[in-house]
Amino acid sequence: FHLSGIIPDSDSLILSTPEIFAARYNIEVRVRNEVLSIDRVAKTIAVTNLDTGENYQEGYDFLVLSPGAVPLKPSIPGADAPHVFTVRDVVDIDRLKKHVDLPHVTDVVVVGGGYIGLEVTENLVLAGKNVTMVEMRDRVMMRLDSDIVQLLHRELHDRGVQLVLNDALTKVGPDSVTVASGASYPAQAVVMAIGVRPETTLAVDAGLQIGTTGGIVVDGHYRTSDSSIYAVGDAIEVFNQLTHKPSRLAMAGPAQRQARAAADHIFGMSQRQTGVIGSAVVRVFEQTAASTGLTEDECRAENMSFDKVYVIGEDMVSLMPESAAMHLKLLFEVPTGRILGAQAVGPGNVDKRMDVIATLIMLGGTLEDMRDLELCYSPMYSTAKDVVNNAALVALNILNRVYSQVTIGDVRRLIVEDDATIVDVREEQEFAAGHIKGALN
């Protein structure tokens with residue numbers, strides 16, 4: 001948000017300081033002091049002061065590792081050029097902001113269509129830059145399935161973003177980039193947002209166990225393979241509640257809870273380990289996209305018995321001037337009806353709906369539970385039968401075989417390949433407001 005000027009001063013991005021920690025919590029914070037190694041036998045760490053060059057050792061009874069994750073860079077020509085940036089912290093944003101504010105920087109290429117890539121893209125467009133987004137896969141936001149993510153593709157297109165899908169960056173030049181297809185795009189600045197890897201250097205050097213996902217292995221109390229060393233945050237391997245497999249989740253909310261659980265255990269208090277489900281939200285201009293639990297691709301990869309529904313409801317009573325459509329996709333287990341995941345896109349309170357469904361997933365909720373939820377209602381905030389309740393009703397009809405469905409993903413195939421006729425049975429005014437091309441009313 002500093003890139004677009006919404007937050008004008010980069011100093012305001014810093015939420016706390018060593019002085020605040022000392023005054024509020026009696027915690028000594030040493031910035032610009034780098035830990036070089038861990039001696040597990042002596043229970044000491046070797047530290048260097050980056051300002052003075054002083055090297056010293058610090059002892060510990062318990063040690064907590066929270067080194068975070070490191071942005072990835074592709075091994076291609078030009079990837080280390082001075083006009084190529086990654087985004088990890090306030091310092092990175094400040095460097096990028098100073099560069100894109102230079103008079104000659106008009107075109108920016110953002111590589112990667114995940115959360116960071118989308119947020120950087122939006123703010124650069126708001127700052128008046130010509131932005132090209134390059135994504136090597138078939139869509140942005142892999143936490144959304146290919147049917148519902150088209151709404152974000154449309155939003156990016158409508159905002160002037162040149163979206164390049166199914167193409168990978170191969171070269172960065174002084175004022176342009178080249179992709180695998182051979183096309184080139186102007187760029188006086190390039191932002192790499194292709195993902196992160198756990199920062200495990202200290203852990204590896206100390207001989208701590210690293211998991212199959214590349215993160216530090218921890219137990220239910222976030223202890224590493226050394227019972228005196230804990231680890232939390234983006235660097236660790238976590239337990240996925242739905243797949244029952246190790247995974248990685250680089251998100252602030254889970255990291256906060258991990259830190260609290262580790263601190264509690266150090267002081268002799270135990271906490272229940274629930275695992276993670278992966279809930280997240282991002283704004284893309286006027287649209288908000290959110291997801292929780294598993295995607296359709298993930299359900300298939302896990303060979304789960306599942307089905308899905310896609311509903312379009314109003315985020316508030318339609319007579320309200322700000323009422324807008326909300327697209328919601330729900331995935332559920334067959335035959336139990338257990339909720340596996342959900343995704344939603346719309347200009348309204350998408351995050352609220354995903355939070356409700358995330359709560360159900362965490363508690364092992366089913367479609368019946370979702371159908372019977374008593375949610376807040378006012379014409380300005382929702383409808384009497386909220387889109388969440390309605391999605392459960394539609395899903396129960398599918399689960400109980402009340403009727404069969406043709407999914408959105410099937411429509412293109414039916415029209416293009418099978419020459420099918422689409423009959424739209426809605427009212428005339430609804431048909432006029434928007435319909436599938438070629439449909440008969």
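Readers should treat all values here as calculations from the given coordinates under stated rules, not as data from a laboratory. Since we're looking at a predicted model, the values are computed, not measured. Cβ coordinates were reconstructed from backbone atoms using ideal geometry, including for glycine residues, and neighbour counts include every protein chain displayed.
Using Cα springs under 10 Å in a Gaussian network model of the chain, which residue among Tyr185, Tyr403, Tyr310 shows the largest mean-square fluctuation?
Tyr403
Non-local amide H neighbours of Val238 (under 5 Å, H modeled in plane, Pro and chain starts lacking H): which ones?
Result for Val238 returns Ser247, Arg248, Leu249.
When the chain is modelled as a GNM with alpha-carbon springs shorter than 10 Å, which of Lys329, Lys43, Lys129 fluctuates the most?
Most flexible of the set in this elastic network: Lys43.
Among all the aspartates and glutamates, which ones have a C-alpha under 14 Å from Lys43's C-alpha, if same-chain residues fewer than 8 places away are not counted?
Glu58, Asp61, Asp226
Say R0 is 45 Å: what FRET efficiency, to the nearest 0.05, do Gln273 and Lys98 get from their beta-carbon distance? It would help to have the intermediate numbers written out before the result.
Values: r = 43 Å, r/R0 = 0.96.
Efficiency computed from Cβ-Cβ geometry: 0.55.
Residue separation times 0.36 nm, minus the C-alpha to C-alpha distance between Ser228 and Thr359: what's the value?
On the way: separation 131, 0.36 × 131 = 47.16 nm, distance 3.32 nm.
Result for the pair: 43.8 nm of gain on full extension.
Which listed residue (Ile339, Gly233, Ala324) has the Cα farthest towards the positive end of the charge dipole for the chain, taking +1 on Lys and Arg C-beta and -1 on Asp and Glu C-beta about the Cα centre?
Toward the positive end, the furthest listed residue is Gly233.
From the residues Val111, Val47, Met251, which one has its Cα farthest along the dipole of the chain in the positive direction, the dipole being from +1 and -1 charges on Cβ of Lys/Arg and Asp/Glu about the Cα centre?
Val47
Which of rounded, prolate, oblate describes the stretch 139-294, given a ≥ b ≥ c as roots of the alpha-carbon gyration tensor eigenvalues and a/c under 1.5 marking rounded, otherwise prolate only if a/b is larger than b/c?
Numbers: a/c = 2.90, a/b = 1.80, b/c = 1.61.
Prolate shape, in that a/c is at least 1.5 and a/b is the bigger ratio.
Looking at the stretch 263-318, which trypsin sites (Lys or Arg not before Pro) are DSSP coil and have at most 10 other C-beta atoms within 10 Å of their C-beta? It would help to have the intermediate numbers written out before the result.
Values: sites: Arg272, Arg283, Arg300, Lys308; in loops: Arg272.
Sparse-neighbourhood loop trypsin sites (Lys or Arg not before Pro): Arg272.
Can you tell me which of Pro347, Pro379, Pro321 moves the most in a GNM of the chain? Springs connect C-alpha atoms under 10 Å apart.
Pro321
How far is it, in nm, from the label point at Ser305 to the one at Ile7 when both lie 7 Å from their Cα along the line to the Cβ?
Output for this residue pair reads 4.8 nm.
Starting at the first residue of the stretch 55-62, write each ³J(HN,Hα) from the Karplus equation 6.51 cos²θ - 1.76 cosθ + 1.60 with θ = phi - 60°, in whole Hz, x for Gly and Pro.
10, 8, 10, 10, x, 8, 8, 10
Once you sort the root eigenvalues of the Cα gyration tensor of the stretch 71-196 as a ≥ b ≥ c, which label holds: rounded (a/c under 1.5), prolate (a/b larger than b/c) or oblate (the other case)? Show your work: numbers first, answer last.
Working: a/c = 1.45, a/b = 1.28, b/c = 1.14.
Rounded, since a/c falls under 1.5.
Longest exposed-loop-site-free stretch of the chain, with GluC sites (Glu not before Pro), DSSP loop and at most 10 other Cβ within 10 Å? Spell out each step's value before the answer.
On the way: sites that count: Glu28, Glu54, Glu322, Glu374, Glu417, Glu427.
So the longest stretch without any such site is 55-321.
How large is the charge dipole for the stretch 280-399, taken about the Cα centre, if only the Cβ atoms of Lys, Arg (+1) and Asp, Glu (-1) carry charge, to the nearest 20 debye? If you can, show how the numbers build up before the last one.
Values: 9 positive and 17 negative charges, 17 e Å.
Rounded to the nearest 20 debye, it is 80 debye.
With charges set only on the Cβ (+1 for Lys and Arg, -1 for Asp and Glu), what does the dipole of the stretch 71-196 come to about its Cα centre, in debye to the nearest 20? The partial results should precede the final answer.
Numbers: 12 positive and 16 negative charges, 37 e Å.
Approximately 180 debye in magnitude.
To make sure I understand the rule: partners must be lysines, Cα under 17 Å from the Cα of Lys352, and not fewer than 8 residues away in the same chain. Which ones qualify?
Partners within reach: Lys329, Lys385.
Over what distance in Å are the Cα centres of the stretch 262-324 and the stretch 191-258 separated?
21 Å
Report the antiparallel proportion of the DSSP beta bridges in the stretch 150-249 as a percent, rounded to a multiple of 5. If you can, show how the numbers build up before the last one.
Numbers: 10 of 11 bridges.
Of the beta bridges lying entirely in the stretch 150-249, close to 90 percent run antiparallel.
Return the calculated 222 nm mean residue ellipticity for the chain, to the nearest 500 deg cm²/dmol, obtained by summing -39500 (n - 2.57) across DSSP H runs with n ≥ 4 and dividing by the residue count. Spell out each step's value before the answer.
Numbers: 12 runs with 112 residues, N = 441.
Only helices count here, giving -7500 deg cm²/dmol.
For a test of the definition: using alpha carbon positions, the gyration tensor, and the 1.5 limit on a/c, classify the stretch 322-441 as rounded, prolate or oblate. Before the final figure, lay out each step's value.
Details: a/c = 2.21, a/b = 1.39, b/c = 1.60.
Oblate.
Evaluate the relative contact order of the chain (contact order divided by residue number), counting alpha-carbon pairs under 8 angstrom at least 6 apart; express in whole percent. Mind showing how you got there, number by number?
On the way: 831 pairs, mean separation 49.0, N = 441.
Taking the mean separation of contacting Cα pairs over the length of the chain, I get 11 percent.
How big is the dipole moment of the chain about its Cα centre under a simple scheme where the beta carbon of each Lys and Arg is +1, that of each Asp and Glu is -1, and everything else is neutral? Debye, nearest 20, please. Don't skip to the end; give the middle numbers.
Values: 38 positive and 58 negative charges, 98 e Å.
For the chain, the charge dipole is close to 460 debye.
Amide H neighbours of Val70 under 5 Å, at least 5 residues apart or on other chains, H built in the peptide plane: list them.
Residues meeting the amide H criterion: Arg197, Glu199.
Toward the positive end of the charge dipole of the stretch 71-196, about the Cα centre and with charges on Cβ (Lys, Arg +1; Asp, Glu -1), which of Tyr185, Leu144, Leu156 goes farthest?
Tyr185
What FRET efficiency do you get for Met251 and Cys376 if R0 is 22 Å and r is their Cβ-Cβ distance, rounded to the nearest 0.05?
Values: r = 26 Å, r/R0 = 1.19.
Rounded to the nearest 0.05, the efficiency is 0.25.
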